1. Does residue 208 qualify as being assigned to a helix (DSSP H, G or I), loosely packed, with under 14 Cβ neighbours inside 10 Å and away from the ligand (no atom under 16 Å from the Cβ)?
2. From 127, 219, 139, grab the single residue that is within 16 Å of the ligand (Cβ to nearest atom) and more than 18 Å from residue 343 (Cα to Cα).
3. Take the residues in region 234-252 that are outside any loop (DSSP other than H, G, I, E, B) and touching a helix residue (DSSP H, G or I) at 6+ places or on another chain (Cβ under 8 Å); name whichever of them is farthest from residue 127 (Cα to Cα).
4. Considering (1) part of a helix (DSSP H, G or I); (2) surrounded by fewer than 16 Cβ atoms within 10 Å (Cβ to Cβ), say which one residue 150 fails and leave the rest.
5. Suppose the filter is in contact with a helix residue (DSSP H, G or I) (Cβ under 8 Å, 6 or more places away or on another chain) and farther than 18 Å from residue 115 by Cβ; does residue 213 pass it?
6. If I go through region 334-368 residue by residue, how many of them are farther than 23 Å from residue 11 by Cα, under 11 Å from the mean Cα position of the chain (by Cα) and not aliphatic (A, V, I, L, M)?
7. For region 79-95, give me the residue count where each residue is within 16 Å of the ligand (Cβ to nearest atom) and surrounded by fewer than 22 Cβ atoms within 10 Å (Cβ to Cβ).
8. Considering only region 142-173, state which residues are touching a helix residue (DSSP H, G or I) at 6+ places or on another chain (Cβ under 6 Å) and within 16 Å of the ligand (Cβ to nearest atom).
Amino acid sequence: IFAQTTITLHAGTVEQTINKNIYGHFAEHLGRSIYGGFYVGDTSKIANTNGVRNDVIAALRKLKIPMLRWPGGCFADTYHWKDGVGPKDKRPTIVNTWWGGVTEDNSFGTHNFLNMCKELGAEPYLAGNIGSGTVQELADWVQYVNFDGVSPMSNWRRQNGQDSAWHVRLWGVGNEAWGCGGNMTAEYYANEYRKYATFMSDWDNSGKLMCIASGASDADYHWTETLMKNIPLHMLGGVALHHYSVLEWSKKGPAVNYNEDQYFHIMKQALLMDSLVRQHSAIMDKYDPQKRVALIVDEWGGWYDVEPGTNPGFLYQQNTMRDAMIAGVTLNIFNNHSDRVKMACLAQAINVLQSVILTDKEKMILTPTYHVMEMYNVHQDAKLLPVNVQTNNYTFGNESLPAVSCSASKDSLGLTHISLVNIDSKNTQNVTINIDGAKYSNLKGRILASAKLQDYNSFDNPDKITPQTFNDASLKGNTLSIKMPPFSVVVLELK
Ligand code: AHR
């Protein structure tokens, strides 16, 4: 069956820059994310640079990873950064109480993370501990990583082998303060935020330190309203938002052998991001009409049952074409709302939840989600071009969702990119794009698709799903005609 979608691309109306940090990632001390995922230690047989896997570094550079959040998540509010610096044999252990109760040796700490970010070309985003830490501890961390002058913390950093400060700009003031970060009320947290942010002085005098408030979960609009109302705007760089695509927390369903019902309802959850972003933004607009405070979706992605036989606390799940659909529609939503959404972190980069990379000892594979993020990286720091989409529905039972999603941008070289997703599990979409305000003569495209919705890349078949050249698009005058297979992602380049 062929269904019809009509899109108008306003190619002459250049809007705001799509902040590249919308394409950010998240690395928590959770399961095999840090230990075994990023970090194998410098004595490992797996090729590494200062203990970080070379294959991972190469893959994330190719992805153009712009930003990476660490050390949590829930872990962040249990983490004491001072235990992770200095001679490794002197470091105390930490029991990861949130994730599997495993004992970690603190061998991956601040220096490892910040130097790894340099290696990756990614901006670090540090999440501070306000749940079980102190104001002094967090203020000391800022001083340790950002101060170039003489001070107790900067001297200690030098003793530990790092002369120059790293000048970290992005700082989370706690995580999920309404839950694992301390079970606080919004009113109480707003005051805590004010206190912490006051003492996280700008140790590099750059005036650029950006404090980010722990944000709402899903549709908790009271949380956002309370923060916006009670925190002076000059103290607030960003407000976070977490939204996972999950069916039911007690019955999440499998990552691979899901049925149509489960697929449809996960897509419904993913598309809900649009209304969440709109409604949280509308609240922020009331207090900050100039949009100086960023909405930062620093946790998003699909969350399913762990792979059978794996530690339930490690949140290890496979990644199928369903995850490619989540990534495609979510990134389109962020691009289209990039006037307010300035940063986002997919949860999580390696071996946890909706990963871009999975590892098994010396083996590493790239997931369909990786390939979507790689195809979409053309939008990073490009200018948004508005699109109007009229699409038919993808229906299941009595419910329906818009089948096609789209966003577009123009980069610094003058190239226009259009990213399209057809979430319909059965129907091909004939997409017509009417181009308004520009003339193009050259068209190229790539597609991510597969025979079955439940397909995935495995350690035995790592390249089952990879982007391919797309030949089902044609340009005649101002009209683009595209034939999109079911559950596919297409990125077009126009010149
Ligand atoms: O990403 C996994 C967990 O999900 C994070 O630690 C927490 O912030 C959220 O609840």
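The values are calculated or read from the model by the stated rules, or taken from the named source; none is laboratory data. Here the structure is a predicted model, which is why all the values come from computation and not from measurement. Don't worry about glycine lacking a Cβ; one is built from the backbone with ideal geometry, like all the others, and counts go over all protein chains shown.
1. no
2. Unique residue meeting the criteria: 219.
3. 245
4. Unmet for residue 150, out of (1) part of a helix (DSSP H, G or I); (2) surrounded by fewer than 16 Cβ atoms within 10 Å (Cβ to Cβ): (1).
5. yes
6. So the answer is 4.
7. Within region 79-95, residues that are within 16 Å of the ligand (Cβ to nearest atom) and surrounded by fewer than 22 Cβ atoms within 10 Å (Cβ to Cβ) number 2.
8. Correct list: 173 only.
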